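> One structure, pasted below without further comment.
The values are calculated or read from the model by the stated rules, or taken from the named source; none is laboratory data. Being a predicted model, the structure only gives us computed values, none of them experimental. Cβ placement follows ideal geometry from the backbone for every residue including glycine, while neighbour counts extend to all protein chains displayed. Areas reflect the complete protein model, heavy atoms only, side chains present, ligands, DNA and RNA absent. Shrake-Rupley method; radii C 1.70, N 1.55, O 1.52, S 1.80 Å.
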There are 2 protein chains.
Amino acid sequence: MGTIAEQSTALRMSTLRLARRLRAERVDPSLSDGQFAVLGWLHKHGPLTLTQLAEHERVSAPSMNRTVNCLEESGYLVREADEADRRRSNIRLTGTGRDIVTTTLKQRDAWLTTRLRDLSKEDRATLARAAELMGDLATL
Amino acid sequence: MGTIAEQSTALRMSTLRLARRLRAERVDPSLSDGQFAVLGWLHKHGPLTLTQLAEHERVSAPSMNRTVNCLEESGYLVREADEADRRRSNIRLTGTGRDIVTTTLKQRDAWLTTRLRDLSKEDRATLARAAELMGDLATL
DNA sequence: ATAACAAATTAGCAATGCTAAGTAAAGCGG
DNA sequence: CCGCTTTACTTAGCATTGCTAATTTGTTAT
C-alpha cells in the first residue's frame, strides 16, 4: 500500500486529474465552473457582497468582480446598493439565475453518475467514504 | 449512503474543493502544477513522446509542447530524436530534472502528508484505494 | 475637519487552456 | 518511384482566469 508520503502523492495527483476531468465535463458551455460556483453559493446563502463572495471562493476581489460582471450581463444576478454602507452592493440572484442553478444541478453530475454505475458496490462505497474524508481534509 | 446521483455530487464537490486546497498549498513557486506533473510522470515511466505526455495529462499537444519547452529551457528535460521515427522526439529527464523530482516530492505533499498521518489506518487505506479508482475514472 | 481606512472597480500582466494552420516524416496504392 | 493521406510536432494567436497596483468613492476615528 506504500508509505504515507506515497499515498499523499497518489491522492494528490488523482484528485487534480479527476478535478480537471470533471471541469471538462460540464454541461452548460456558457457557464464556467467558477461562475456556477458563485450562482450556487448565492442560491444557498442569499444576497452577499463582492468581498464575501471573493473570500468564500478564495479568489481576489478583482477576479470576483469580473466574474460577477459577466453574470450580471447575462442576467443571472443583480447588484443592489446597500443602504447602510453605500460602498457596498448586495449581489442577489435573479429569477433566471435561480432557474439556471436548479436545472443545472440535475444534469451536472450525469457523466460521473454513469461512471459510478459501472463500479462495484464496494468501490462506490469506498468513493463515498473517501468523498467525506476529502471534504474534511479540504476544510482543515 | 445515498443514491448514486448523490454520491456523484458529493464526490464531485469534494474533489474540486480538495483540488483547490491542494493547489493553494503548493510549496515550490518555481514549478507549476502542470509542469511538475510532467516531470513526475517522466520520472516514473521513463522517456515518452510529446503525444504520450499530452494524452496522459489530458491536454492538447500544443499545450504540452509549451510546457515541455519551458521545462527544456530550465534544463529539467531534453528532447532526443527518435531513430526509428524521426518525426518524434523522446523526452527524457536530465540529472537536474531527476533531482528536482526527488527533492520536491518530499516537500510537495507535506501538507497532505501531515493530514493523512492524523487519520486512522483504515481511513488512509480508503483514500489510497479511492485514489486508484479516481485515477481510473479520470482516464475513461 | 481631516487623516486613515475600507469596498468596489479599472487597467494591465501572467499563466494556461484551446483551435487552426504549417512543416516534416512515414506509410501506402498505383 | 510518385503522389496522397496520415501522423507528430510546432507556431501563432485567442480566451479564460488568476493576480497586483492604482483609482474612486464612502466610512470611521482623531
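> In Å and on Cα atoms, what radius of gyration and Dmax does chain B show?
Both quantities, over Cα of chain B: 17.6, 55 Å.
> Quote the accessible area belonging to A:Glu72 in square angstrom, nearest 10, computed with a 1.4 Å probe and with ligands, DNA and RNA left uncounted.
So the heavy atoms of A:Glu72 present about 70 Å² to solvent.
> If you build a Gaussian network model of chain B, linking Cα atoms that sit under 10 Å apart, which residue out of B:Ser30, B:Ser74, B:Ser89 swings the most?
Looking only at B:Ser30, B:Ser74, B:Ser89, the largest GNM fluctuation is found for B:Ser30.
> What are the label-to-label distances in nm, one decimal and shortest first, from A:Gly135 to the same spot in the other copies, with labels 7 Å along Cα to Cβ?
2.6
> Most mobile of B:Leu53, B:Leu18, B:Leu93 per a Gaussian network model of chain B (Cα springs, under 10 Å)?
It is B:Leu18.
> Helix B:33-45 sits at what angle to the longest principal axis of chain B, using alpha carbons and giving 0 to 90 degrees rounded to 10?
80
> Something else now. Which value, in Å² and to the nearest 10, is the accessible area of A:Val78 when all protein chains are kept and the probe is 1.4 Å?
Counting only protein heavy atoms, the figure is 60 Å².
> Here is a further query. Using only alpha-carbon positions, what ratio does the radius of gyration of region B:31-106 give when scaled by 2.2 N^0.38 Å?
Working: Rg = 11.5 Å, N = 76, 2.2 N^0.38 = 11.4 Å.
After normalising by residue count via 2.2 N^0.38 Å, the value is 1.01.
> Also, I was wondering about something else. I need the calculated FRET efficiency for the pair B:Ala110 and A:Thr94, taking r as the beta carbon distance and R₀ as 41 Å, to the nearest 0.05. If you can, show how the numbers build up before the last one.
Numbers: r = 44 Å, r/R0 = 1.08.
Once the sixth-power term is evaluated, E becomes 0.40.
> Using a 1.4 Å probe on the protein heavy atoms, what percent of the accessible area of region A:1-129 belongs to carbon and sulfur? Before the final figure, lay out each step's value.
Numbers: 3560 of 7230 Å².
With neighbouring chains kept in place, the figure for region A:1-129 is 49 percent.
> If you don't mind, there's one more thing I want to ask. Taking the Cα atoms only, what angle lies between the long axis of helix B:95-108 and the longest principal axis of chain B, rounded to 10 degrees?
It is inclined by approximately 10 degrees.
> Oh, and also: Sorting B:Arg21, A:Arg79 by accessible area (1.4 Å probe), largest first, what list results?
Details: B:Arg21 40, A:Arg79 75 Å².
Listed by decreasing accessible area, they come as A:Arg79, B:Arg21.
> Using the Karplus curve 6.51 cos²θ - 1.76 cosθ + 1.60 with θ = phi - 60°, work out ³J(HN,Hα) for each residue of region B:124-136 in order, rounded to whole Hz, and write x for Gly and Pro.
So the Karplus estimates, Gly and Pro as x, are 4, 4, 4, 5, 5, 5, 4, 4, 4, 4, 5, x, 5 Hz.
> Hey, another quick one. Which residue fluctuates most in the GNM of chain A (Cα springs below 10 Å): A:Ala19, A:Ala130, A:Ala81?
A:Ala130
> Could you work out the helix-only [θ] at 222 nm for the protein assembly as shown, with each DSSP H run of four or more residues adding -39,500 (n - 2.57) and the total divided by the number of residues, to the nearest 500 deg cm²/dmol?
Rounded to the nearest 500, the figure is -22000 deg cm²/dmol.
> Give the long-range amide H neighbours of A:Leu48: residues separated by 5 or more places, or on another chain, with amide H under 5 Å away, using H modelled in the peptide plane at 1.01 Å from N.
Excluding prolines and chain starts, which carry no amide H, the hits are A:Ile91.
> To continue, here is another question. Quick one: dipole size for chain A, taken about the Cα centre, charges +1 on Lys/Arg Cβ and -1 on Asp/Glu Cβ, in debye to the nearest 20. Write down the numbers at each step before the final one.
Numbers: 22 positive and 19 negative charges, 54 e Å.
Dipole magnitude for chain A comes out near 260 debye.
> Calculate, for the protein assembly as shown, the solvent-accessible area per residue in square angstrom, rolling a 1.4 angstrom probe over the heavy atoms of the protein chains. Mind showing how you got there, number by number?
Working: 15270 Å² over 280 residues.
That works out to 55 Å² per residue.
> How large is the direction-averaged shadow of the alpha-carbon convex hull of the protein assembly as shown, in nm²?
Numbers: hull surface 70.5 nm².
The number I arrive at for the protein assembly as shown is 17.6 nm².
> Let me have the relative contact order for chain A, percent, based on Cα pairs under 8 Å that are six or more residues apart. Show your work: numbers first, answer last.
Numbers: 93 pairs, mean separation 29.4, N = 140.
Computed over chain A, the figure is 21 percent.
> For chain B, find the longest principal axis of its Cα atoms and tell me its angle to the long axis of helix B:61-73, 0 to 90°, nearest 10.
70
> Further question: Provide the buried accessible surface between chains A and B in square angstrom, both chains summed, 1.4 Å probe, rounded to the nearest 100. All intermediate terms of the calculation are to be shown ahead of the outcome.
Values: alone 10260 and 10140 Å², together 15270 Å².
Adding both sides of the contact gives about 5100 Å².
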